[in-house]
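Here is the structure we will look at.
The values are calculated or read from the model by the stated rules, or taken from the named source; none is laboratory data. Please read these numbers as outputs of a predicted model, since none were measured by experiment. Here the Cβ positions follow ideal geometry from the backbone for every residue, glycine too, while neighbour counts run over all protein chains shown.
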Amino acid sequence: MASQYPTGKKDFKPPVDHEDDIEAADIITLQEENRAIQDFLGTVSKVQNIGLAKMLLNFRQAVAINVTAGDTVQIPAQEMMIDQRAVRNTADISLDLNGNIDGSGSSAVSTTYYVYAVDDNVPGGTFSMSFRTSNADNFTGERMLGSVLTATTGSPPDIDSITDDDIATSTNQKLCQAWGSFNGTGTPVYYDRFNMTSVITDNGVGDYTLNIDTDMANANYVIVGMGGGSAQILSRHSSATVLKGSFRIVLRDFSGSAVDADRIGFAVFGDVS
Amino acid sequence: MSICRVWFRLDGKISVSYPDTNPQNKPSDMAYRTWITQQLDSVAEKSLEFSGLEYTDMDTSELLQVRADRNRWRGDKGTGINIDKKVVLRQDLCSALDKELGKPEPDTINVLRIQRKLNKQEHD
């Protein structure tokens, strides 16, 4: 089909990282990218989603291209995932095994394809696409959506490789650094916990001292949580010194009286040492 | 057997630390008692409010079993844990206030007195 449109050939090479040049338009395209991934995942089964999600998260380059009726797009034969949006008549679009999108017979005014390159061996860490058309003015919509890795060697980041230990020692303030869920009635015992030591100290009704396994960097951390039953308020104990490795909390009902609860949950955010 | 550590606070109040006693969670190269002691010793290391306090380790079955009186637990290492009935708790003041307000003609002075005590009682 490409031979029908011998003129107007145009090579497109997405730019490499320009982290300092982020503009509002970049944010919009990233939103589009996320939406495209979500839409794409929604078209396959749950079993397929697991592997597919990993591939998409590892994509090296992603671009969006607008194909107008009469256009043909040729993509180098690589391992790619291609999603199409707003196709009015899918029968008009053909996609061969080499990744060539032929929109020559499309009745769509404009169709956007999202192309994700996941091949480890993309020369230079980028890939290029050739556009053929009978009308060069049609090609105004192609743009890069994102780039994860532009190095010629090495593997793309894999979120599956993040471990609990990575998170516990992470200085990323966006992450929860410790959390727990415990039964505060009778003999207090954890249901589950992360980065908290196993010991719970009962100081009285609804009054507990809990210890953080890997200390926080300072005492400016935040504790959020809640208690079940009649417990309505969880707060730090008024007389306890705030420490990097432990904190004392009190559960109260609306009257202000301390109360026990059979399920108390909390999470700690802040800097870790 | 479930061991706990009873801390005798300087104000006479009692704190009790409960370690993980599930043998399945014990490191294979550590004796059970050593594992328990290590957990309990970490409490004073982590929390300065327990540093220097007297304590005794005991089986949880030896503790007073009535949770309703938990905030009346008082004691020291010599006498152990006792229930001090003279301790007035916030819930006692709330009950007294409700009782007074429930009367056909509440004693205003008494209501104010109880309310004042409630305001001063920051924490049980």
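Miscellaneous remarks
- The numbered conditions (1) outside any loop (DSSP other than H, G, I, E, B); (2) away from every other protein chain (no Cβ under 12 Å); (3) crowded, with 17+ Cβ neighbours inside 10 Å are all true for A:Arg248 except (2).
- Some residue of region A:226-238 being out of contact with any Gly (no Cβ under 9 Å at 6 or more places or on another chain), touching a residue at least 24 places away in the same chain (Cβ under 8 Å) and more than 9 Å from chain B (Cβ to nearest Cβ): yes
- Note on region B:8-124: enclosed helices (runs of 4 or more DSSP H) holding 2 or more residues that are within 14 Å of chain A (Cβ to nearest Cβ), out of contact with any Pro (no Cβ under 8 Å at 6 or more places or on another chain) and among the β-branched types (Val, Ile, Thr) are B:32-46.
- Qualifying residue in region A:174-181 (condition: under 30 Å from B:Ser61 (Cβ atoms) and modelled with pLDDT of 90 or more): yes
- Any hit, region A:206-221, residues being touching a helix residue (DSSP H, G or I) at 6+ places or on another chain (Cβ under 6 Å) and closer than 20 Å to B:Ala44 by Cβ: yes
- Looking at A:Thr214, A:Thr187, just one residue is among the hydroxyl-bearing types (Ser, Thr, Tyr), at pLDDT below 90 and not in a strand (DSSP E or B), and that residue is A:Thr187.
- From the list B:Ser15, B:Ser2, the lone residue that is among the small types (Gly, Ala, Ser) and modelled with pLDDT of 95 or more is B:Ser15.
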